[in-house]
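Read through the structure below, which is laid out as structure tokens, and then see the notes.
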Amino acid sequence: MTGSTLDDLPVVRDAFRRTVRLVSSARLRDPVLAALVAEEELSALAEIEGATSARLRAEAYGAEDVASDELVHGVPYAAFINASFAYWKPRQPNRFNASRGAWYAALSVETCMREVAYHMAEFLADSGTWQGVVDYAEMFASMAGEFFDLREKPKHAALDPDPAIGYPVGNAVADVARAHGLNGVIYPSVRHDGGTCIAAIRPNAVQSVAPGGLYRFTWSGTPQPAITSLAG
């Protein structure tokens, strides 16, 4: 791994054989309406879903700052990669994406669990109660290329625990990374001491995606969920 600087941030060329991302298992299921229609009607259902799916629209026409030819095609789990870039909330940006999505991953599932639990607990708090059950599936992927590297800069403003402070700076960092052709940002987890996260900001940076285990997060009145591994 070699280093240089770009706009005062370290740039490294690095490779990660296996990263992990947790995806809500609801995304792994067949469409809800599928059970309500006959087999011969499934093609019509697919057409209806295509008209309303942000991911399918992005693959066909692009979306905001994501061009259709930037998305990936013909590789296993391409839909999961493309969905992570096609879906985002402009009014609720994450740390390293505002005008487009990103593939957030970590080097360990424990780090993913801490990050997911924090953000889901925030959502539940906004709803007025810490009560809920959500199943998450592991999605493994390899990554390589050039990245901004904040691992030695834990006090960087982009890593501030307060989203109101950290997110605007982080999004500016991601914009600079894209402008310079980088694949993303490597950074110390804000929610898991000692953990390492990666925000891939280009779809083709996410390679060799494969599914892993399944976990159930159960909130029963507190911000911290009980997490159990689900067999098979």
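Quick rundown of the values:
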item	result
Selection from region 101-129 of residues that are touching a residue at least 60 places away in the same chain (Cβ under 8 Å) and either among the charged types (D, E, K, R) or at positive phi (or both)	Glu110, Arg114, Glu115
Qualifying strands (runs of 3 or more DSSP E) (wholly inside region 102-213; at least 1 residues being in contact with a Pro (Cβ under 8 Å, 6 or more places away or on another chain) and among the aromatic types (Phe, Trp, Tyr))	103-106, 131-149
Residue match in region 177-189 (condition: surrounded by fewer than 19 Cβ atoms within 10 Å (Cβ to Cβ), out of contact with any strand residue (DSSP E or B) (no Cβ under 7 Å at 6 or more places or on another chain) and of a type in the set (A, V, I, L, M, F, W, C))	yes
Residue list for region 192-205, restricted to those being buried (at least 17 other Cβ atoms within 10 Å of the Cβ) and either of a type outside the set (A, V, I, L, M, F, W, C) or within 26 Å of Pro161 (Cα to Cα) (or both)	His192, Gly195, Thr196, Cys197, Ile198, Ala199, Ala200, Ile201, Arg202, Pro203
Matching residues, region 145-159, being more than 27 Å from Ser208 (Cβ to Cβ), in contact (Cβ under 8 Å) with a residue 12 or more places away in the chain and not hydrophobic (A, V, I, L, M, F, W, C)	Glu152, Lys153, Pro154, His156
Hey, Ser142 surrounded by fewer than 23 Cβ atoms within 10 Å (Cβ to Cβ), under 19 Å from Tyr77 (Cα atoms) and in contact (Cβ under 8 Å) with a residue 60 or more places away in the chain or not	yes
Selection status of Asn171, more than 25 Å from Gly221 (Cβ to Cβ), surrounded by fewer than 21 Cβ atoms within 10 Å (Cβ to Cβ), touching a Phe, Trp or Tyr at 6+ places or on another chain (Cβ under 7 Å) and in contact (Cβ under 8 Å) with a residue 12 or more places away in the chain	yes
Some residue of region 78-96 being free of Cβ contacts under 8 Å to residues at least 12 places away in the same chain, in a helix (DSSP H, G or I) and of a type in the set (Ser, Thr, Tyr)	no
Matching option when the condition is under 22 Å from Val20 (Cβ atoms), modelled with pLDDT of 95 or more and either charged (D, E, K, R) or over 17 Å from the mean Cα position of the chain (by Cα) (or both), among Gly145, Gly195	Gly145
Selection status of Phe140, modelled with pLDDT of 95 or more and not acidic (Asp, Glu)	yes
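Residues are listed down the side, and each one gets a yes or a no for (1) more than 12 Å from the chain's Cα centre (by Cα); (2) under 29 Å from Glu70 (Cβ atoms):
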position	(1), (2)
Tyr104	no, yes
Tyr118	yes, no
Ala125	yes, no
Asp149	yes, yes
Lys153	yes, yes
Pro161	yes, no
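The values are calculated or read from the model by the stated rules, or taken from the named source; none is laboratory data. If you're wondering where the values come from, they're calculated on a predicted model, not measured in any experiment. Because the Cβ atoms are built from the backbone with ideal geometry, glycine has one as well, and the counts that use them run over all protein chains shown.
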